[in-house]
Amino acid sequence: MCSIAQPIFEPRCLATTIGSLPHTDVALGTARMFESTPEIPAWVQFPRRTFHENMMMQFTEGMPGLVKEGERIYFGNTAPDFIDQLTDFYARYLAATEDGDPVALDSFGLSPQYAAGFAEFVTRLPEQTTRPVALKGQVTGPFTLGANMLDQNRRCVYYDDQLRDVIVKTVALKALWQITRLSAFGPQVLIFFDEPMLLGFGSQTFLTVSREDIIGDLNEVAAAIHAQGGLTGVHCEANTDWSLLMEADLDILDFDAYDHMQAITLYPVELRAFLERGGSLGWGIVPTLDREAAATETVPSLLARLDEGVERLVRKGFDRELLLRRALITPSCGAGGVLTEPLAERVLSLLRQLSTILRSRHGFADSEK
């Protein structure tokens with residue numbers, strides 16, 4: 001595996017969001033995001049606004065041979081013109097990646113129909129009074145997208161080498177397009193992969209999917225991001241095999257520290273190697289998957305939960321100061337799933353307060369004045 005050839009990013013307990021909010025008012029949702037995470041703002045996904053912003057639909061623009069039937073989308077890979085569309089896809093890919101053709105790259109952009117939050121984000125960025133440390137974008141990860149998309153015979157396209165390659169290269173181009181747009185504002189750009197389907201890796205459903213395949217796909221996208229000066233992160237849920245992700249060329253691993261704190265502690269050898277080469281951990285400590293928890297948890301209760309998680313790693317020999325310098329504070333998952341708008345805004349408020357207290361407690365805010 002190649003080491004991460006990027007500057008070490010130390011968030012020092014700054015906060016960012018995973019991506020989605022339940023709002024349908026794009027301006028309001030974006031404003032709430034900026035208020036809570038001004039140092040590392042992320043463009044907002046609005047899955048309740050339109051089906052085009054569903055995470056399995058949002059990053060499909062530019063793919064060849066797609067057939068849309070209502071809210072269903074699939075590859076029509078036996079259509080008479082599919083080979084022509086595939087040829088055009090690879091021509092645009094090569095033009096964008098090897099020739100630096102901006103028109104070719106724009107063919108893989110995020111249109112306002114599919115990502116209204118991105119357009120709002122770049123419009124509002126110059127108005128912000130807090131200068132960001134980094135800007136965060138996101139894409140659906142190659143495994144999750146490939147495992148959910150189907151061909152016209154309803155077969156999972158991840159098992160089709162040709163279509164899987166299309167998925168991986170599309171994800172890479174979506175990331176590159178975001179980096180091109182966001183890097184114009186100056187701060188470091190972070191691109192996160194949303195990979196919830198990795199929870200099923202090793203199950204009967206994905207028994208024939210190899211570890212090498214998943215790491216190879218992630219690394220292909222990560223290499224494209226790193227080549228453009230971006231940093232890569234991944235958000236996964238529950239008890240994912242984190243050792244797999246610790247081996248990939250990723251810079252930030254974001255995990256559910258609220259419900260599944262123990263998951264990240266099960267791989268101390270791999271985690272130590274990840275941190276030694278400059279990796280950071282995203283502590284998803286503010287709950288978003290349980291309405292009651294989102295409504296009743298408090299700043300003190302979440303601080304205690306986070307402190308206990310840090311102590312677990314310290315007891316395994318990890319340096320506390322290093323863990324805190326490399327800590328990013330996040331919600332446990334996207335907030336656009338089960339939460340109401342008031343609960344999502346409560347999550348954002350908790351996130352802001354936690355980050356502020358942690359940075360003050362550990363001297364990070366003072367050191368950066």
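Return the residues of segment 25-75 that are among the aliphatic types (A, V, I, L, M) and not in a strand (DSSP E or B); say none if nothing qualifies. Before the answer, list the steps.
We begin by selecting, within segment 25-75, every residue among the aliphatic types (A, V, I, L, M); these are 26-28, 31, 33, 40, 42, 44, 55-57, 63, 66-67, 73.
Within segment 25-75, Val26, Ala27, Leu28, Ala31, Met33, Ile40, Val44, Met55, Met56, Met57, Met63 meet the criteria.
Under the condition of being more than 22 Å from Gln45 (Cβ to Cβ) and of a type in the set (Val, Ile, Thr), which residue from segment 92-129 is surrounded by the fewest Cβ atoms within 10 Å (Cβ to Cβ)? Give the derivation first.
As a first pass, look at segment 92-129 and keep what is more than 22 Å from Gln45 (Cβ to Cβ): 92-104, 129.
Applying the additional criterion that residues be of a type in the set (Val, Ile, Thr) yields 97, 103, 129.
Details: Thr97: 18, Val103: 9, Thr129: 6.
Looking at the filtered set, the residue picked out is Thr129.
Against the test of being at pLDDT 95 or above, of a type in the set (D, E, K, R) and in a strand (DSSP E or B), the options Lys169, Lys136 yield a single qualifying residue, Lys136.
Scanning segment 144-167 for residues that are touching an Asp or Glu at 6+ places or on another chain (Cβ under 6 Å) and surrounded by 23 or more Cβ atoms within 10 Å (Cβ to Cβ) turns up just one, Thr144. The number of residues in segment 139-166 being within 13 Å of Phe75 (Cα to Cα), in a loop (DSSP other than H, G, I, E, B) and in contact (Cβ under 8 Å) with a residue 24 or more places away in the chain comes to 4. Going residue by residue through segment 125-135, is there one that turns out to be closer than 30 Å to Ile8 by Cβ and in contact with a Lys or Arg (Cβ under 6 Å, 6 or more places away or on another chain)? No, every residue in segment 125-135 fails to be closer than 30 Å to Ile8 by Cβ and in contact with a Lys or Arg (Cβ under 6 Å, 6 or more places away or on another chain). In segment 189-211, the residues that are of a type in the set (D, E, K, R) form no Cβ pair under 7 Å with any partner that is loosely packed, with under 15 Cβ neighbours inside 10 Å and modelled with pLDDT of 75 or more, whether six or more places apart or across chains. Check segment 185-196 and report whether any residue there is at pLDDT 95 or above, assigned to a helix (DSSP H, G or I) and either exposed (fewer than 15 other Cβ atoms within 10 Å of the Cβ) or hydrophobic (A, V, I, L, M, F, W, C) (or both). Yes, there is a match, as at least one residue in segment 185-196 is at pLDDT 95 or above, assigned to a helix (DSSP H, G or I) and either exposed (fewer than 15 other Cβ atoms within 10 Å of the Cβ) or hydrophobic (A, V, I, L, M, F, W, C) (or both).
I'm checking my understanding of the structure. Among residues of segment 67-91 that are of a type outside the set (Asp, Glu) and touching a Phe, Trp or Tyr at 6+ places or on another chain (Cβ under 7 Å), which one is surrounded by the fewest Cβ atoms within 10 Å (Cβ to Cβ)? Steps first, please.
Initial filter on segment 67-91 (of a type outside the set (Asp, Glu)): 67-68, 70, 72-80, 82-83, 85-87, 89-91.
Those left that are additionally touching a Phe, Trp or Tyr at 6+ places or on another chain (Cβ under 7 Å): 67, 76.
Details: Val67: 13, Gly76: 16.
Looking at residues that are of a type outside the set (Asp, Glu) and touching a Phe, Trp or Tyr at 6+ places or on another chain (Cβ under 7 Å), I get Val67.
Note on segment 19-41: among residues that are of a type in the set (A, V, I, L, M) and surrounded by fewer than 24 Cβ atoms within 10 Å (Cβ to Cβ), the one that is nearest to Arg72 (Cα to Cα) is Val26. Within the span defined as segment 271-281, one or more residues are at pLDDT 95 or above, assigned to a strand (DSSP E or B) and either in contact with a helix residue (DSSP H, G or I) (Cβ under 9 Å, 6 or more places away or on another chain) or under 24 Å from Phe193 (Cα atoms) (or both). Scanning segment 229-252 for residues that are closer than 16 Å to Arg211 by Cβ and aliphatic (A, V, I, L, M) turns up Val234, Leu244, Leu245, Met246, Ala248, Leu250. Among the candidates Leu328, Leu339, Leu348, the residue that is at pLDDT 95 or above, within 18 Å of Asp256 (Cβ to Cβ), part of a helix (DSSP H, G or I) and not hydroxyl-bearing (Ser, Thr, Tyr) is uniquely Leu348. Of the residues examined, Gly337 is not one that is more than 24 Å from Pro38 (Cα to Cα) and either loosely packed, with under 15 Cβ neighbours inside 10 Å or among the β-branched types (Val, Ile, Thr) (or both).
The values are calculated or read from the model by the stated rules, or taken from the named source; none is laboratory data. These numbers come from a predicted model, not from an experiment. Cβ sites come from the backbone with ideal geometry, for glycine too, and all protein chains shown count toward neighbours.
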